[in-house]
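Remarks on the structure that follows.
The values are calculated or read from the model by the stated rules, or taken from the named source; none is laboratory data. All figures in this text were calculated on a predicted structure; none of them were measured in a lab. Every residue, glycine among them, receives a Cβ derived from its backbone with ideal geometry; neighbour counts consider all protein chains shown. When the accessible area is computed, the model is the full protein with side chains, heavy atoms only, and any ligands, DNA or RNA have been set aside. Shrake-Rupley method; radii C 1.70, N 1.55, O 1.52, S 1.80 Å.
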Amino acid sequence: MKILGVDPGLTRCGYGVIESEGLKLIDFGLFTSAAGTDPRDRVGEIAAGLKAVLDAHKPDAIALERVFAQANLRSVMGVAQISGALMHLAFERSIPLQFFTPSEVKAAVTGNGRADKAQVGQMVARLVKKEIPGPPDIADAIAVAICGSKRGGGAGTAAQNKWVAAAKAANRRIG
């Protein structure tokens, strides 16, 4: 099962595409936007980048880090705006979308829901057998995809995953 993981943000939005069987890393990257730019343009440019990734890789599922309340309201709003744009893209393509909290992602990758960014980055590199360049938003997005493979629709045996894929083909609204 191919999973797109996204660490949403308005300034930096990381993404990673994995094949859940064998945790094969297919693609990863980062979309950025300048803080002084019109918010409409910022969201639109990042959404266009995510659309291109969806069109290129046609994932079976999307794993998205859930927005959580921080002291910085502007940061939360940017995360929510990008999350909403991705939700719309998933809806248009009938791709199941799952949300995971930062603690769930950290626990799925490191075994510790309070792991720091460095620990997450090290475990992601170990799991996908590839060095991941900075900034940490990229490793975080790959971690979200890995979490989706372990805790979401990608979990299970190859036979179970084939059954889920067949069910999705018959009825695109599973998930």
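Values for this structure:
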read-out	value
Leading residue by the ranking (nearest to Lys106 (Cα to Cα)) among those in region 45-65 that are of a type in the set (Gly, Ala, Ser) and touching a helix residue (DSSP H, G or I) at 6+ places or on another chain (Cβ under 8 Å)	Ala63
Residues that are open to solvent by 60 Å² or more (accessible area, probe 1.4 Å), farther than 17 Å from Val6 by Cβ and either in a strand (DSSP E or B) or not small (Gly, Ala, Ser) (or both), drawn from region 106-116	Asn112, Arg114, Asp116
Unmet requirement for Gly154, which otherwise passes all of (1) buried (at least 18 other Cβ atoms within 10 Å of the Cβ); (2) modelled with pLDDT of 95 or more	(2)
Residue among Ile46, Ile62, Ile3, Ile18 that alone is of a type outside the set (Asp, Glu), buried (at least 19 other Cβ atoms within 10 Å of the Cβ), modelled with pLDDT of 95 or more and assigned to a helix (DSSP H, G or I)	Ile46
For Val79: the one exception among (1) over 13 Å from the mean Cα position of the chain (by Cα); (2) modelled with pLDDT under 95; (3) hydrophobic (A, V, I, L, M, F, W, C); (4) buried (at least 18 other Cβ atoms within 10 Å of the Cβ)	(1)
Members of region 21-43 found to be outside any strand (DSSP E or B) and open to solvent by 70 Å² or more (accessible area, probe 1.4 Å), listed by number	Glu21, Ala35, Gly36, Asp38, Pro39, Arg40
Residue count, region 11-54 (criterion: basic (Lys, Arg) and without any contact (Cβ under 8 Å) to a residue 24 or more places away in the chain)	1
Residue match in region 88-105 (condition: of a type outside the set (Ser, Thr, Tyr), in a loop (DSSP other than H, G, I, E, B), in contact with a helix residue (DSSP H, G or I) (Cβ under 9 Å, 6 or more places away or on another chain) and at pLDDT 95 or above)	yes
The lone exception for Gln81 - which of (1) outside any loop (DSSP other than H, G, I, E, B); (2) touching a Phe, Trp or Tyr at 6+ places or on another chain (Cβ under 9 Å) it fails	(2)
